[in-house]
Amino acid sequence: MRQIVSTFLFVTVVSGTIIVVSSENWFIIWVGLELSTLALVPILCSGFSPRNVEADNKYFLVQASSAALLLNGALGQAWLTGSWSILDPVNEVTSICLSIALAFKIGLAPVHFWFPDVLQGLPFFQGLIIATWQKIAPLILMFYFSQLGFSYLLITPSLISVLIGGWGGLNQTQVRKILAFSSIGNMGWLVITSAYSFNAAIIMLVIYLIINTSLFLLFDHLKVSTLGHLNTISQLSPISVALVLLVMLSLGGLPPLTGFILKFTSLYFLVANNFIILSSIMIIGNLQDYFFYLRISFNTSLFLFPQHIISSASWRNSTIISPLAPKAWLSSVSTVLSTLAIPLTLPLYIIT
Amino acid sequence: MVISPSLIISSLNLGILTILLGSIFFFSKSYFSKGNVNFPLIKTTSACLSVNNDKEETIEYNSGPFAMAILKVLAFLSVLSLLVTCNNSIQSINITLSLWLSNTPLNISLNFIYDQYFLVFLSVALIVTWSIMEFSFYYMTEDPNSSAFFRLLTIFLLNMLILTCSNSLFLIFLGWEGGGFLSFLLISWWTTRNDASSSALEAVITNRIGNIGLITFMALSALNFNSSNLTNILSSNENLTPLLPFLLFGLILAAAGKSAQFGLHPWLPALLEGPTPVSALLHSSTMVVAGVFLLVRTSELFSSPLITHSLVLILGGTTALFAASTAIAQHDIKKIIAYSTTSQLGLMVTAIGIGQPALAFFHICTHAFFKAMLFLCSGSVIHSLSDEQDLRKMGGLSKLLPVTSSCLILGSLALMAPLLAGFYSKDLILEATSASVLNLLGIVLSIVATMLTAVYSFRIIFFCFSLSPSCSSPFSHSEENFNLNNALLRLATGTIASGWFFSNLLFAPPSFNVTSLAKGTPLIVPIIGVAALFMSLISSTSNSIGSNAHSATTSQWFFVDAVHLSIITMSLALSFFSSRTLDRGWQENIGPQGIAPTSTALSKISQAGQIGLIKRYILSSMASVLVILALSLLILS
Amino acid sequence: MALARCARCLRFDRFSPVVRVSSARYASGDVSLPGPYPETPEERAAAAKKYGMRVEDYEPYADDGWGWGDYPKLKKQHADDRDPHGDWDFPEDRRNWGEVMHIEQDLFVRQRPNAYKQNRKIPLWKQSMILGGILTTLATLGILGNKYKYFVPVGPKQYPFNNLYVEKGGDPDAVPDTPKNYTFPTSSYI
Amino acid sequence: MSATKTLSHAQRVLRLYKRSVRHMESWIPERPAFRYEATVLRARFDEHKNENDMKKAAQILQAGEEEFWEKQHPQPYIFIDSFGGTRYERNIPAPEWVLNKWHPIEKARYPYYFARREKRIAEEQARWDQLVEEERQLIEQGKLPPKEALPS
């Protein structure tokens, strides 16, 4: 793809999300979502392999159907209230339509099936866009939406997706599928927290995006697609062992790392709102997440596999990354943020 | 414009901490020729970054000289801030940098407190560490990995300063744990040595027991006072809660673990497996006093219940007696000094027990100087005798090592001769003990320990310097090394002057009304001890002592063997329940045999949905959404 | 008595005639360890052969639910008590290749404290007695000292209200002048 | 190693003597006093050196060992490099084969050393091959019994 075309498409994707986030008109929101989806479709199939195109097709179909559902709900809303504003109280039917559409977009549990397949079919960098940037707009809408009054329709799918995310990832050997299922589980956490606190959900979203970005960039740099490839990390790039380990544990929520705030904020608000039994279910789901995070960490750092060892002491080699490359810069910044930034979460509170 | 002294002090101290943090990351360059053919074998782990083949010399990046220079600057800065405090009566400066965990009912913040305790401790620690760093540059030159050594020492100092200056319990815990961990790394410095690694393990495990206490204190104070800040905890007027005994128990356990009080003491002598500078820095002057320092900081909690006082008093007294009685029968020079440290720690805890935390702190400061100096002297002797540590092989060294031997005598005298550092604080503690209405045993134990102190101090002097030379190897080193002499002489100056300086200019030591007998005790008792020592030395050199008492003092009252065996037996007996009913019983059925197959089955079920056909995906999505909707309508209607 | 002393002497291994007996070894090949508990003498013999021991030396743990099967009960010997100069296959562990280890081997590795020290000059019970005796004495003294406290009064006790003149039964009408026990020094700066 | 080693009477006497002297040295730090006691001890051993009655000699040895046991030092002096000493196992040098695992970039830092090392390794290998060849020829000539497998 030509650079000017891809730049144009990227700008369109970004502007679509910005349109969605900054508008309060359901129609404009639909337009923004469609814009970013349509611009993303050519980006996703830039590799043009059969797997790539298949994933792209799936993505397009799911997004199209969810956009149709969203437009349907928005039209109903406009018909009932005579206004396109998202601040108007929602009818039950339109709210169901809208929330199902948004759940489709972010891959919440009962409608999550497309997400692992799409992510598995794409390279890491395109997957990064799907797993992070494309989630911002629908999630922000979802957060607004959960403020509008009802929550059972969001709480049930969120609980299910926390559990599904855990179970789905347990049996996987593909790193991208594992990341997809962990993303499903984390979406559950985000949405369920948004039912109680908008600010907390925004903070969690920011932290989750940072951690996920650093993880995708790391795996992209290391070209690791299955768990079996993880053992080569220690030979190719020794420092990445520590990075993958820390970022993985951070995603799981180990206390001194940034990801702890993700779980801590959420659980704090849930428990403060007497959400104790269900939050224990969520913790169980998260423990299963944690199991496969630990599996990745162990395979990366602690195991010495019998096969594929280049030589017994070649860990002394190191891949040299130019420190000025934007990807290296981005991944190093996001890795530092995703592991050490607990004290920086206070400004997040102040901003939101 | 008026500059307030508190501004100067806080900016100086924050600057010191920041510079220390930064200095960990720097090297300084040094050159050495590569004449040694076997050189790559020795230097496998060293940081040799580049080579200049033409000049036949390699550039080595060593952090030692840099650390020395930095510590020198920081020591002067800290003395400056101390002098500013001297002139202006500043109680304490409380600095809150930022919240640590926000949005919680618990107040967890990065909170520093710069009070007189910290300021004095900062100067003492920096001066002592500077001297020890210089000394270790002399002592560790032949070590293959010496650069990392200096860096570890710096990191340790940073942790120690964080521990002493922080107001937040979490930061205190950070410094506490950091000190323990660095001590683990430094004890097992000679990693190939099995004794070193087992000693390091022992230290870490004992510190864990102490940590149970600190964590108990943290958790209970978070529960009780809704704050992790020491100032809040101490100033809250809910002191008389039912949880107070547990809080105090936690504190005493923590202090006993860190400061090696009786029962948790075996790790301190075991620490001598580390290099001598480590013993000098961590295990005599700074890290081991952390427990006492914690007690000093929290001494206001001890105000009400008297039984705690007498418990602490007896704990300290027992430690002092135990360590002193053990020290008189040891033959390893470092071990004697280590047990003397334990004994002095016991004395500090005794001072806490009689309700005089300021005296305990005074003793910490003076003790740091002369104990570090004693360890450096022993290090000098050991280095000169090419790693010989046994007292029996050190005879007549005073001619060969004049500076070291005079410093060694000075350090030994510091505890019993008037006008030297240790005497100021020790005299005050003994006076306070005899002037307060407390347990009789406390004063008896501390007086006996004082007597034994004189005995073991003079024993070192006697063995090292008065016997005829008996070292097996010829002298390989001389003490004409600036790094050694400067460090020793600086600490000697501190040993002479610090007691006078602190007691006259900084602390306002309380005065006691005591009888003349009690006043004279600290002076009389050591003389009796020395007399007894010479009597026994004359009688015991000719034939062997087979008595149980001698064996008991030599083998540390048999504490280690008896306790290890009983702990192992007890835990094996208890493991009958845990192992047979849990690990091999129902826990196995539920846990490994239960959860794993269940989640595997569930995982397989959820995986069955992932068939890769988008039509079925959307269909099953819609179907499950409809099911959820129908169910929720049913339940809600 | 003399016999006991001789026996104690023999325990001191440097002087005992037998420096080191051969250690038991696994049979080579694919044996699963431990096997089921041996019931019959034939099974015992087979198990002993499996562990490379003589049948007389072989004694399994009792079959009481621990699940240790036919694993032999071995002598508790800490690695520190083994010959440091011996020709071991793994000199740093003082262990031979294929040697049958004690079931609680982790208690006897060199990193652990040696609680099973052989040949103590003072036997363990005596050590425990001495330690216990010292600690008991200290505890008793502590309790007693808590009861009878030590305090040397330097001056006579002073009470308010004219040393409690009235309360001590003095004549309330003829109260003497209040004695001056202490005066605050006046500041010289004024 | 599965040999059962026993000590002869003479070995036991020698060990007893050595340990007694060492423990006496630990008891008496002053050199002249120790020398005197050591001479006395030696005289006690020499007293029985011509004892021919094995039964009596064993009894004396037994008594000597018991006496030593009673008088042993609880903290005997240990030489610094022997087992239990203060420098035992300290800084054991890395085994030589570690250098084989060095990366060429690392080896390039010490070119002279490694050039010489390569040469020595080649010489050692050549010598080994030569020895193997000689042995094979001897076996072929029937001067040595045949072996199962020789390194080819």
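The values are calculated or read from the model by the stated rules, or taken from the named source; none is laboratory data. Small disclaimer: the values here were computed from a predicted structure and weren't measured. Reconstructed Cβ throughout: ideal geometry from the backbone, glycine too, with neighbour counts over all protein chains shown.
Yes or no: the stretch A:9-26 includes at least one residue that is among the acidic types (Asp, Glu) and within 21 Å of A:Gly127 (Cβ to Cβ). Within the stretch A:9-26, none of the residues are among the acidic types (Asp, Glu) and within 21 Å of A:Gly127 (Cβ to Cβ). Residues that are hydrophobic (A, V, I, L, M, F, W, C), without any contact (Cβ under 8 Å) to a residue 12 or more places away in the chain and farther than 29 Å from B:Ser466 by Cβ within the stretch D:17-48 comprise just one, D:Ala43. Do the conditions hold for C:Tyr58, that is, is it more than 9 Å from chain B (Cβ to nearest Cβ) and surrounded by 18 or more Cβ atoms within 10 Å (Cβ to Cβ)? When the stated conditions are applied, C:Tyr58 passes them. Applying the criterion of being among the charged types (D, E, K, R) and in a helix (DSSP H, G or I) to the residues of the stretch C:61-115, the residue that is nearest to C:Glu42 (Cα to Cα) is C:Asp106.
Taken together, D:Glu47, D:Glu25, D:Glu30 contain a single residue that is at pLDDT 85 or above, crowded, with 16+ Cβ neighbours inside 10 Å and not basic (Lys, Arg), which is D:Glu25. For D:Glu51, the test of being farther than 30 Å from B:Ser466 by Cβ and more than 14 Å from chain C (Cβ to nearest Cβ) is passed. Quick check on my filter: what residues within the stretch B:233-262 are free of Cβ contacts under 8 Å to residues at least 24 places away in the same chain and either under 28 Å from C:Ala139 (Cα atoms) or of a type in the set (Lys, Arg) (or both)? Hits for the stretch B:233-262 are B:Pro242, B:Leu243. Going through D:Lys107, D:Lys101, D:Lys71 one at a time, which residue ends up being of a type outside the set (A, V, I, L, M), surrounded by 10 or more Cβ atoms within 10 Å (Cβ to Cβ) and closer than 19 Å to D:Arg22 by Cα? Of D:Lys107, D:Lys101, D:Lys71, the one residue that is of a type outside the set (A, V, I, L, M), surrounded by 10 or more Cβ atoms within 10 Å (Cβ to Cβ) and closer than 19 Å to D:Arg22 by Cα is D:Lys71. Being more than 14 Å from every other protein chain (Cβ to nearest Cβ) and within 18 Å of B:Ala351 (Cβ to Cβ) holds for only one residue in B:Phe458, B:Phe423, and it is B:Phe423. In the stretch B:28-133, counting only strands (runs of 3 or more DSSP E) that sit wholly within it, the ones holding 3 or more residues that are modelled with pLDDT of 85 or more and surrounded by 18 or more Cβ atoms within 10 Å (Cβ to Cβ) span B:108-115. Tallying residues that are in contact (Cβ under 8 Å) with a residue 12 or more places away in the chain and either in a loop (DSSP other than H, G, I, E, B) or of a type in the set (A, V, I, L, M, F, W, C) (or both) within the stretch A:124-181 yields 36.
Residues in the stretch B:196-227 that are within 14 Å of chain D (Cβ to nearest Cβ) and surrounded by fewer than 22 Cβ atoms within 10 Å (Cβ to Cβ): B:Ser197, B:Ser198. No other residue among B:Phe559, B:Phe576, B:Phe507, B:Phe512 is touching a residue at least 24 places away in the same chain (Cβ under 8 Å) and not assigned by TED's automatic domain parsing to the domain that holds B:Leu428 apart from B:Phe559. Inspect all residues belonging to the stretch A:63-83 and state whether any of them is outside any helix (DSSP H, G or I), in contact with a helix residue (DSSP H, G or I) (Cβ under 9 Å, 6 or more places away or on another chain) and of a type outside the set (S, T, N, Q). No, the conditions are met nowhere in the stretch A:63-83.
Matching residues to (1) surrounded by fewer than 19 Cβ atoms within 10 Å (Cβ to Cβ); (2) touching a residue at least 60 places away in the same chain (Cβ under 8 Å); (3) on the phi > 0 side of the Ramachandran plot:
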| residue | (1), (2), (3) |
| --- | --- |
| A:Leu38 | yes, no, no |
| A:Pro42 | yes, no, no |
| A:Cys45 | no, no, no |
| A:Ser49 | yes, no, no |
| A:Ala55 | no, yes, no |
| A:Lys58 | no, yes, no |
| A:Gln63 | no, no, no |
| A:Asn72 | yes, no, no |
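For the stretch B:139-151, state whether one or more residues are touching a strand residue (DSSP E or B) at 6+ places or on another chain (Cβ under 7 Å) and either part of a helix (DSSP H, G or I) or in contact (Cβ under 8 Å) with a residue 60 or more places away in the chain (or both). For the stretch B:139-151, residues touching a strand residue (DSSP E or B) at 6+ places or on another chain (Cβ under 7 Å) and either part of a helix (DSSP H, G or I) or in contact (Cβ under 8 Å) with a residue 60 or more places away in the chain (or both): present. For the stretch D:94-112, a residue qualifies if it is more than 7 Å from every other protein chain (Cβ to nearest Cβ) and not in a helix (DSSP H, G or I), and the qualifying residues are D:Pro95, D:Trp102, D:Ala108. The single residue among D:Phe79, D:Phe68, D:Phe34 that is within 12 Å of chain C (Cβ to nearest Cβ), within 30 Å of B:Lys335 (Cβ to Cβ) and not small (Gly, Ala, Ser) turns out to be D:Phe68.
Scanning the stretch B:578-592 for residues that are more than 19 Å from C:Asp63 (Cβ to Cβ) and of a type outside the set (Ser, Thr, Tyr) yields B:Leu582, B:Trp586, B:Gln587, B:Asn589, B:Ile590, B:Gly591, B:Pro592. In this structure, is B:Leu230 closer than 17 Å to B:Leu295 by Cα, touching a residue at least 24 places away in the same chain (Cβ under 8 Å) and away from chain D (no Cβ under 14 Å)? So B:Leu230 passes the test. Name the one entry in A:Leu262, A:Leu348, A:Leu270, A:Leu257 that is surrounded by 16 or more Cβ atoms within 10 Å (Cβ to Cβ), at pLDDT below 85 and either in contact with a Ser or Thr (Cβ under 8 Å, 6 or more places away or on another chain) or in a helix (DSSP H, G or I) (or both). Every option except A:Leu348 fails the conditions.
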